[in-house]
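Read-outs throughout are calculated quantities, based only on the coordinates presented, and are distinct from any laboratory measurement. Given the structure is predicted, the values throughout are model-derived calculations rather than measurements.
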């Protein structure tokens, strides 16, 4: 999480809050959160392609909607 914060040039607390709000991808290992490098790379790629600001909260909402749709059609076990 600290490394992701450094790469994105934000405070680690900002990343932590976003993770808690399900607005940023992370893997929880007991009491520790790990941000996959692929997630940070994807954010940077999308920002570069758009040439502007990307809205992580919107991306999280889309991810939640996709997960819920998958669950409703039987694609996810939970």
If you line up the long axis of helix 37-50 against the longest principal axis of the chain, both from Cα atoms, how many degrees apart are they, to the nearest 10? 80
Expressed as an acute angle from 0 to 90° and rounded to the nearest 10, what is the orientation of the C-alpha long axis of helix 56-72 relative to the principal long axis of the chain? 20
Sorted from largest down, give the three principal axis spans of the alpha carbons of the range 2-72, whole angstrom values. 38, 36, 18
